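One structure is given here, and the rest of the page talks about it.
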Amino acid sequence: DPGADNDLYINQAIVFIEDAIQYRSINHRVDSKSLWLYRWYYSRTCQWILGLTITIILALAFVEKPSSLTITSDVRYRLPAWNPPCGLTESVELLCFLVFVVDVSVKSYLIGWEEFWKNKWLMAYILTLIVSLTDWIVSLSFFCTENVRIRRILRPFFLLQNSSMMKKTLKSINSTLPEMASVVLLLAVHLSLFTMFAMLLFARTKDGQQDKEWMGYFRNLPDSLTSLLVLLTTANNPDVMIPAYSKNRAYSIFFILFTVLGNLFLMNLLTAIIYNQFRGYLLKSVQSSLFRRRLGIRAAFEVLSSLKETPANAQQSYVSAGALLRVLQKVEMDSRCKQAIMRSLKTCSCDQLSASQFQKLFEELDKDAIKQHPPSPEYQSHFMQKMQFAFGHSYFGYLGNVVALANIVSICVVLVMDADKQPSERDDFFLGAINCFFILYYLLEMLLKILAMGLKRYLSYPSNRFDGLLTVILLVLEIATFAVYGFPHPGWRPEFLGLLSLWDMVRLVNMLIVFRFLRIIPNMKFMALVVTTLLDLVKNLRAFAGILVVVFYAFAITGIMLFKGAVVPIGNYYLSRRNVILWLSFLFGNFQAEVVYCVLYILSVNLICRWAKIYFVAWWLISSVIWVNLFVALLLENFIHKWDRRCHREPLSDIEYQRTVELMFRDVLEEPTEEELMEKLHQHPHLQLCR
């Protein structure tokens, strides 16, 4: 049936274009039912449900025994936490597993049996589900009393496998590891040699002063290695050298040499290697993403060229403009790109599009997202035009910055004057009066800017939205303060009324005023460049944050299982190395405390088990040595990219450019050739091309 075939080709083209937009693989089933299932699976609703399920199963660790539902993590003061009854969290977990079973089943069906055996991630997904369900059954059979739950460590995998960018990032990291290993090995040699020197230099003698260094840090090989490893992180600097330095200043040379060679040379060399290697592998990954996009667009062209509208005697394949318009109307894509492609298509004089013309239309997807600010209102009155010019000028913004700085200085003066006063001696009149004055100015400034720029243009700038929101909040707080405590007057320090005391209200207002001072950032170009670099990392590098969550989560769960029950409270006092035991009880008592631990460092765990050091060293290597350096590498790449663009192109005041990770490398990527695209298309397991 020609009509049915045409509908199939149209639907195939729609899916292929959506695959190209999202950098997805096109190697999936392309019959009518499978295409409907495919679009349903990648719809916002289904992906939202899947994302919510992953969030819920990861969040279960905060509720499961040992529960994190306590205000404090200090075992000396906290009340017994509420622990859910057996079967409650397990029921939620089972529902999550059922969603994952549906997810993996749909994915496996859509790619087909042949592609399934090539997809290691899907096979790992199924294996993880099997192990998790088995562990779930074992847990219920023991009435939730077992200490080791393997499925909890496996939960981060569900987050990892759901993001293609996270998979690419992990692959890039894995490819970078051999180069990292060479420097890590050099670090190990550095540690080993200086450990030997330390044991010889600080050997036990009859001198009690020198024995302090031996007893505290270099008593044996494990202690010596641990002390220097911690020194490499600077966590015990200068404590580790104080006993020896107290005896003889010359001993400091040993610690200075160790720190200079380890921290200044080897650690920075590692950063340089990671930056160089990881950038190359990430570039390859982005190159493959570009190939996927071009392949998806070319696949859409090939199926649309099979429509009956194509002339039979054509020497070359063409696609009619009308067919492409029908496809674009049904494609889920950014409205800006869709409108730009449609405009280009309507202005094109030809009714038939060649492969190169078709591909060129979709290059709009590769361009920077441009946000143009709405125009200012046009006033007829001469007086209003002068007002618009005055309050829309940049100097008016500079005046606002000066006033905000004066507000900050006045708050600092009052805080210094009242620093040592008791609450009963404090007079809040002056601070309340100046806050009232400045908040009224902020309100007037906001209204005048809206008058000059118009509401739509005013709200189109993020700095104005930030400024306006804080001004409204400050105004509401000030009105609430006056309603409860009256207007400022000498001796203005009434008793506690309502939800917050007067001092609490004033402090909250002052904190918001200090926060509002960040409005100066857009006016300082270099500072704005740094801030936008950081914001781009937050927006575009979610994959790296996701892998960081995976690492934190896995180490947190492992820490709970390894150290749970190994520590008991020792009372309301601290004793030298017993501190370590107490800290471990804080840190591994529940999941939330363990996550907080992952940002800190434990200096010693000798009293628990020497093998526990392996856990902490592994955490330090992965989080600090590898991951922090990866983050620095990406920060450098993003900053250098923005700096180069700043040097080569002056920014336009009314235009904002928003870039993705793929667009960061756009200038150095190579376009795939016609032969490469066609060869890959002919290898498609489910698509039969006419030529």
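The values are calculated or read from the model by the stated rules, or taken from the named source; none is laboratory data. Being a predicted model, the structure only gives us computed values, none of them experimental. Glycine gets a Cβ as well: all are built from the backbone with ideal geometry, and neighbour counts include every protein chain shown. Heavy atoms of the whole protein, side chains included, go into the accessibility calculation; ligands, DNA and RNA do not. Shrake-Rupley method; radii C 1.70, N 1.55, O 1.52, S 1.80 Å.
Taking 20 Å as the limit for the C-alpha separation, the pairs K107/K360; K33/K330; K107/K284; K167/K284; K338/K680 exceed it in the case of K107/K360; K107/K284; K338/K680.
The residues of region 137-186 expose, per residue, 50 Å² of accessible area to a 1.4 Å probe. Counting 0.36 nm for each residue step from L37 to R343 and taking away their Cα separation leaves a gain of 107.0 nm. Using R0 = 51 Å, the C-beta based FRET efficiency linking N220 and E114 works out to 0.30. Toward the positive end of the charge dipole of region 226-310, about the Cα centre and with charges on Cβ (Lys, Arg +1; Asp, Glu -1), which of N263, I274, T233 goes farthest? Of the candidates, I274 comes out farthest on the positive side. Between S354 and V484, the FRET efficiency from the beta-carbon distance, with R0 = 45 Å, is close to 0.05.
Set the Förster distance to 41 Å, then compute FRET efficiency between C412 and L636 from the Cβ-Cβ distance, nearest 0.05. Efficiency, rounded to the nearest 0.05: 0.70. With the simple model of a label 7 Å out from the Cα in the direction of the Cβ, L269 to A235 spans 2.4 nm.
Under a 5 Å amide H cut-off, with hydrogens placed 1.01 Å from N, S320 pairs with L353 among residues at least 5 apart or on other chains. Peptide packing for 396-406, 286-296 was compared via the average number of neighbouring C-beta atoms within 10 Å per residue; ordered from the highest value, the list is 286-296, 396-406.
A full extension of the chain between L88 and S463 corresponds to an added length of 130.4 nm, given 0.36 nm per residue minus the alpha carbon distance. Put the Cα centre of region 444-481 next to the Cα centre of region 100-127 and the gap is 51 Å.
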